[in-house]
1. Return the long-range amide H neighbours of T28 (sequence gap of 5 or more, or a different chain), with a cut-off of under 5 Å between placed amide H atoms.
2. Express in Å², to the nearest 10, the accessible area of E155 obtained by rolling a 1.4 Å probe over the protein heavy atoms while all chains stay in place.
3. If you roll a 1.4 angstrom probe over the protein chains with everything in place, what fraction of the accessible area of region 1-50 belongs to carbon and sulfur, to the nearest %?
4. Starting from the 7 Å offset along Cα-to-Cβ, what nm value, one decimal, do you get for the label separation of A25 and H102?
5. Using helices alone, I'd like the mean residue ellipticity at 222 nm for the chain: each DSSP H run of four-plus residues gives -39500 (n - 2.57), total over residue count, nearest 500.
6. Explain nothing, just compute: Karplus ³J(HN,Hα) = 6.51 cos²θ - 1.76 cosθ + 1.60, θ = phi - 60°, for every residue of region 72-80 in order, whole Hz, x for Gly and Pro.
7. Could you give me the ³J(HN,Hα) list for region 5-20, computed from phi with Karplus coefficients 6.51, -1.76, 1.60 and θ = phi - 60°, whole Hz, x at Gly and Pro?
8. Pop out the ³J(HN,Hα) list for region 23-34 in order, Karplus 6.51 cos²θ - 1.76 cosθ + 1.60 with θ = phi - 60°, rounded to Hz; leave Gly and Pro as x.
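The values are calculated or read from the model by the stated rules, or taken from the named source; none is laboratory data. No experiment lies behind these values; they were computed from the predicted model shown. Note that each Cβ is placed from the backbone with ideal geometry, even for glycine, and that neighbours are counted across all protein chains shown. These accessible areas exclude ligands, DNA and RNA; they are computed on the full protein's heavy atoms, side chains included. Shrake-Rupley method; radii C 1.70, N 1.55, O 1.52, S 1.80 Å.
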Amino acid sequence: MPDQDEPVWVDTTVNGVRHEEVVDARTTLADFLRGRLRLTGTHVGCEHGVCGACTVIVDGAAVRSCLMLAVQADGAVVETVEGLTDDPGDLTPLQDAFSRHHAVQCGFCTSGFLMSTTAALREGPVTDEAQARDVLSGNICRCTGYTGMVAALLEVGGTRDDH
Ligand code: FES
Ligand code: FES
C-alpha cells in the first residue's frame, strides 16, 4: 500500500491522447483530469459519489471520477465531455437534443449527465420514459426538473450511433 503522498506514475489515454504523469497516490481521477490535464468540463460537486457531476467514461463504463484514484486509471482509456466530439464547435446528437429540449440551466450537472447517458446509449437503445428516467437516476440536477433531459434522451435513444 503506497503512502498517500507517494508519487506514482499514471499512464492513461484521455480523449485519444496518451498522458504519462507523476501524481500523488491519493490524487483522484477528477482532480487529475481537472487540475493536471485542465479538462475542467468534468465537474466536482459532492465529492463522495452521490451527485454524478464528475462522471466520466473509463474503459467504456461510466464512473464517478471523485471516487476513483488517478492511479487506478493507469493503462485505461478515459473519455470526458471534452472528447465527445472532435471539434469543440460541434455537438453530438445527444448534446443537441439537450440544448433544444432546454435540459440545461446552470449547466453544472450537464457533463455528468451527458457522460452517463452516452455510456448507457452505447449499451443499447432507450425507448420509453421509465427506462430514460432509470438511466438518468444516478445523477442529480438542482435546476431543470429532468423533464427536458427525459425528452432529449428519448429523442435520440432509439438510435445507437454517434451519440
Ligand atoms: S462529485 Fe463525484 S459524485 Fe458528486
Ligand atoms: S442544470 Fe443546474 S444543476 Fe443541473
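1. A70
2. Around 90 Å² of this residue is reachable by solvent.
3. 46
4. In this crude label model, A25 to H102 measures out at 5.2 nm.
5. Details: 4 runs with 40 residues, N = 163.
Only helices count here, giving -7000 deg cm²/dmol.
6. Karplus-based 3J(HN,Hα) across region 72-80 equals 6, 8, 4, x, 9, 9, 10, 10, 10 Hz.
7. Working through the residues one at a time gives 9, 5, x, 9, 8, 10, 10, 9, 9, 10, 6, x, 10, 7, 10, 10 Hz.
8. Per-residue couplings from phi come out as 9, 5, 4, 8, 5, 6, 4, 4, 5, 4, 5, 6 Hz.
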